[in-house]
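Each remark here refers to the structure printed beneath this line.
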Amino acid sequence: MRRVIEVEELTRVEGHGRIEVVIEGTEVKDVKMAIFEGPRFFEAFIESVHYEKVPDIMRRICAICTASHSLASIRTIENAFDVKVTEQTRILRDLLIHGEMIESHALHVFMLALPDFLGFPDAIRMASKYPEEVKAALQLKHAGNMVHNVVSGREVHGMNERVGGFSKIPSEKELKDIRAAMVSTKQTAELAVDLFAKVEIPKYAESENTLMALDPGEKYGFIGDYVLVSDGTRHPVQDYPSLTNERTVKHSHAKFSSYKGSSYMVGALSRILLNRDKLEGTAAELYEEHKDILTSRNTLMNNLAQAIELVHSVDRCIEDIDILLSNGLKNEGLVEAEPRASRGIGAVEAPRGTLYHDYTFDENGCVVKANVITPTAQNAANMEKDYRVAAERLIKEPDEKLINVFEIIARAYDPCISCSVHLTRIQK
Amino acid sequence: MAKPEKPKIGIFSLTGCGGDQLMILNLEPVLLDLLSRFDIKDFQEGSSYKEDVELDIALVEGSVSTKTDLEKLKKIRERSKMLIAIGDCAIGGCVQAMRNGQMSMEERMKKVYGVSEDYYDVLEPKGLSSYVKVDLEIPGCPIEKDEILHAITSLLHGDMPEEIDYPVCVECKLNGYPCVLVEKGMPCLGPLVTAGCNARCPRLGLDCIGCRGPISDEANVAAELKVLLDKGYDEEYILNRLRFFGGNFEDIQNLTKKLSEKSEKKEGE
């Protein structure tokens, strides 16, 4: 008997994706993660644009990872032109990406993922039984957005972070307001860990996963120049083509990635497991408490890893603000870039995983070639592997059950489909 | 007395970054209260609940970039009393339309995917009104929170929200910000662009890049071009700037044509 199990359109994820699994008798024949969000061609548009405005366009690849794209873009340009930024800029960028992590993870953990485990179709309906939790989650999300607003200029597609620094330095009062919001919502971040640690996390997708994440340096974080892989290797981000090996597939507008011939996973679970020794304070304690269930074999644990990152990010925002305030805020202006014909590659950890930008410039500083590799495109092949594993384990279950399982697996990756559909240039 | 029925609403997205729906979700302090005034029948990014019924209001973000988008849009139009385009993508294609009339779809497919145009079902990105009747357009990349909140609450009270028909410069002057175009010579697009952002970029000392799109029927593109040429920017640089959010705007497309004819002539000489 041939069964075609289809999730027509994934819900509670950003963008448009479809899952199709074909079962013949007792065998899973075919698995497809189809991404049908329209292709967006950013790498083609950006050609001939002067470097100074490149981040303003490229950040529009994605709304929920807007600051990640903008910082990846800025770092890429600064690498190309050898721009060295100040310590204050470095800390403000760190604050910005941690704020983005809070905004994005709070939305995903509470509003998109948690309803699956508490039995609701959405957070609005979940609010009827868990009103305090949903309200607190919105406050936590709001605290993350305060960082976007103050540091970047807007919640979505800000403009204040520039090549060479920040156009306007936030005021002491603005930073103190963010600090107060972080202090008052820290317990909500801890609640996220608690909620996920309490619910029964299914094991139907358990299998080997190769993990990949940026090495943030001494302290846990989301910006770095080297990539860590769970096989124990470490690579400069410039090696991304051989780490990601993107290829075009007919059934998806997002390209598919592989590392040494197999799929791999990027995102919170990869980061937590590869950089666990760098966690500090409450986040380190929470990791210790839950490390037995936080296994690399279960993709669904990405939700719990995100919750731990929420706690880390709240603490880091407070720490960054304290350092900025004790150093004294300086209106230091932008470090000038001297454009020249060159190539730059830069990466950051977006909420859902490693994000690479790669630009080549002409002598006037205009783009001649661009390539972007997004986390969701990298995860797509691993998602297919998980659907296959789960379908094999649950082959006797009815279609409705499998549809629900595939959706829960997809959501655990916190996919950002808009991001994934502009892809890379094919290397000829 | 029976309670009046809540308006049935659907929130949809075509091709884009998802930022306009996200701005609605960013209304954190009032979000639950606001959503509770509606009967939400379809909201793919926020809910797994779905009911295929007639809608009082459909909010649609994203551009029509594939045949699938177009079919979806037509179905939404059929089932909705009022269709509201939220954000630049749904109005004029936004950055996705940056190279419209300049780079063919075939070229884009070759450049990015290395395959021919018919590999995927792509269309040149356009706003909703190129295909269906649109009752209201709310501009922005992304939309402003206050503006969408005001629009939705107006509709709840049975009023049509007002559309803004003046440029960013008006808000910039009202705030007393120094003019970055005149005083610093930065390539600010404020004179052409729909206000409503409270001149956010000039406040930060930055030039407007036009993310709320050109003001309909009002923008004097030729005059802006002349000012920027006088400031020393070359034509290609200025047109790229104008195209960021104006690729489907007629005056900007015409200027591009003139420029490419001129450079062809030069090459021929």
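The values are calculated or read from the model by the stated rules, or taken from the named source; none is laboratory data. These numbers come from a predicted model, not from an experiment. Cβ atoms come from the backbone with ideal geometry, glycine included; neighbour counts cover every protein chain shown. These area figures cover heavy atoms from the full protein model, side chains too; ligands, DNA and RNA do not enter into them. Shrake-Rupley method; radii C 1.70, N 1.55, O 1.52, S 1.80 Å.
When both bridge partners sit in the stretch B:15-153, DSSP labels roughly 40% of those beta bridges antiparallel.
The alpha carbon convex hull volume per residue for the stretch A:77-152 rounds to 103 Å³.
For the set A:F120, A:F361, the ranking by accessible area, highest first and with no ligand, DNA or RNA atoms included, is A:F120, A:F361 under a 1.4 Å probe. At the residue level, A:I321 shows approximately 0 square angstrom of accessible surface with a 1.4 angstrom probe and all protein chains present. In summary, the aspartates and glutamates within cross-link reach of A:K369, defined as a Cα separation below 13 angstrom excluding same-chain residues under 8 places away, comprise A:E43, A:E47, A:D358.
Note that the stretch A:388-394 has calculated 3J(HN,Hα) couplings of 5, 4, 5, 5, 5, 5, 10 Hz, one per residue in order, obtained from phi through the Karplus relation 6.51 cos²θ - 1.76 cosθ + 1.60 (θ = phi - 60°); glycine and proline are x.
Between A:K291 and A:K129, the FRET efficiency estimated from the beta carbon spacing at R0 = 25 angstrom works out to 0.25.
Restricting to the protein assembly as shown, compute how many DSSP beta bridges are antiparallel as a %, nearest 5. Walk me through the numbers before you get to the answer.
On the way: 50 of 69 bridges.
Of those bridges, close to 70 percent are antiparallel.
Projecting the Cα atoms of B:C188, B:Q44, A:S171 onto the charge dipole of the protein assembly as shown, computed from C-beta unit charges around the Cα centre, puts B:Q44 farthest toward the positive end. The helix-only estimate of mean residue ellipticity at 222 nm for chain B, built from DSSP H runs of length n ≥ 4 each weighted as -39500 (n - 2.57), is -11000 deg cm²/dmol after division by the residue total.
When the Cα atoms of the protein assembly as shown are enclosed in a convex hull and the volume is divided per residue, what value in Å³ results? Show your work: numbers first, answer last.
Numbers: hull volume 112.3 nm³, N = 697.
Dividing the Cα hull volume of the protein assembly as shown by its residues yields 161 Å³.
Full extension of the chain segment joining A:H251 with A:D82 gains 56.8 nm, where the gain is 0.36 nm per residue of separation less the Cα-Cα distance.
The modelled label-to-label distance between B:S260 and A:E400, using points 7 Å beyond Cα along the C-beta direction, is 5.5 nm. For A:C416, nonlocal amide neighbours, meaning residues 5 or more places apart or on other chains whose placed amide H falls under 5 Å from its own, are A:T376. Buried area at the A:B interface is about 5600 square angstrom, summed over both chains, from accessible surfaces computed with a 1.4 angstrom probe.
The distance from the alpha carbon centre of the stretch B:8-37 to that of the stretch A:1-80 is 21 Å, rounded to a whole number. Computed from phi, the 3J(HN,Hα) profile of the stretch A:226-243 under the Karplus parametrisation 6.51, -1.76, 1.60 (θ = phi - 60°) reads 10, 10, 9, 10, 5, 7, x, 8, 9, 9, x, 4, 4, 7, 4, x, 7, 7 Hz, with x in place of Gly and Pro.
Per-residue SASA remark: A:K219, around 80 Å² accessible (1.4 Å probe; ligands, DNA and RNA not included). Extending 7 Å from Cα along the Cβ direction at B:D39 and again at A:Q187 yields two label points whose distance is 3.9 nm. Among all the lysines, which ones have a C-alpha under 16 Å from B:K50's C-alpha, if same-chain residues fewer than 8 places away are not counted? Correct list for B:K50: B:K8, B:K41, B:K72, B:K75.
Divide, for the stretch B:138-181, the radius of gyration over alpha carbons by 2.2 N^0.38 Å, where N is the residue count.
Details: Rg = 13.4 Å, N = 44, 2.2 N^0.38 = 9.3 Å.
Working it through for the stretch B:138-181, the quotient is 1.44.
Over chain A, with a Gaussian network built from C-alpha contacts below 10 Å, which listed residue (A:T188, A:T282, A:T210) shows the highest mean-square fluctuation? Evaluated over chain A, the most mobile residue of the options is A:T282.
Of all accessible surface on the protein assembly as shown at a 1.4 Å probe, what whole percent is carbon and sulfur?
Percent of accessible area from carbon and sulfur atoms in the protein assembly as shown: 49.
Under the convention that each Lys and Arg Cβ holds +1 and each Asp and Glu Cβ holds -1, the size of the dipole of the protein assembly as shown around its Cα centre is about 660 debye. Annotation: the antiparallel percentage among DSSP beta bridges lying fully within chain B is about 30. The mean sequence separation of alpha-carbon pairs under 8 Å and at least six residues apart, normalised by the residue count of chain B, gives a relative contact order of 17 percent. In this structure the protein assembly as shown gives 38 Å² per residue of accessible area when probed at 1.4 Å with all protein chains present.
Each Cα pair under 8 Å and six or more residues apart adds its separation to the average, and for chain A the resulting relative contact order is 26 percent.
Compute the label zone of A:D30 within the stretch A:228-262: residues whose backbone N is under 13 Å from the point 7 Å along Cα-to-Cβ. Zone members listed by number: A:250-252.
Under a Gaussian network description of chain A, with springs only between Cα atoms under 10 Å, the residue in A:V22, A:V237, A:V314 that fluctuates furthest is A:V22. The heavy atoms of A:S262 present about 60 square angstrom of accessible area, all protein chains included, probe 1.4 Å. Comparing each chain alone with all protein chains together (probe 1.4 Å, DNA, RNA and ligands left out), the residues of the stretch B:68-114 losing at least 50 Å² of accessible area are B:V95, B:Q96, B:R99, B:K111, B:V112, B:Y113.
Once both labels are positioned 7 Å from their Cα atoms along Cα-to-Cβ, the gap between A:E52 and A:D225 label points is 2.7 nm. Its alpha carbons considered, the stretch A:1-128 gives a radius of gyration followed by a Dmax of 20.4, 65 Å. Whole-Hz Karplus values for the stretch B:122-127 come out as 7, 10, 5, x, 9, x Hz, taken residue by residue from phi with 6.51 cos²θ - 1.76 cosθ + 1.60 and θ = phi - 60°; glycine and proline positions read x. When all alpha carbon pairs of chain B are counted in 10 Å bins from zero, the resulting P(r) reads 6, 26, 31, 23, 10, 2, 0, 0, 0 %. Using the Cβ-Cβ distance between A:N331 and B:E250 with R0 = 41 Å, the FRET efficiency computed as 1/(1 + (r/R0)^6) comes to roughly 0.45.
For chain B, modelled as a Gaussian network with Cα springs under 10 Å, which listed residue fluctuates most, B:D33, B:D56, B:D251? Among B:D33, B:D56, B:D251, the largest mean-square fluctuation in the Gaussian network model of chain B belongs to B:D33. Straight-line cross-link partners of A:K84 among the lysines, defined as a Cα under 20 Å from its Cα and at least 8 positions apart when in the same chain: A:K53, A:K168, A:K330. Taking 0.36 nm per residue of separation and subtracting the current Cα-Cα distance, fully stretching the chain between B:E54 and B:R77 would add 7.3 nm.
Can you give me the relative contact order of the stretch A:271-428 as a percent, contacts being Cα pairs under 8 Å and 6 or more apart? Before the final figure, lay out the partial values.
Numbers: 145 pairs, mean separation 30.5, N = 158.
Normalised by residue count, the contact order of the stretch A:271-428 is 19 percent.
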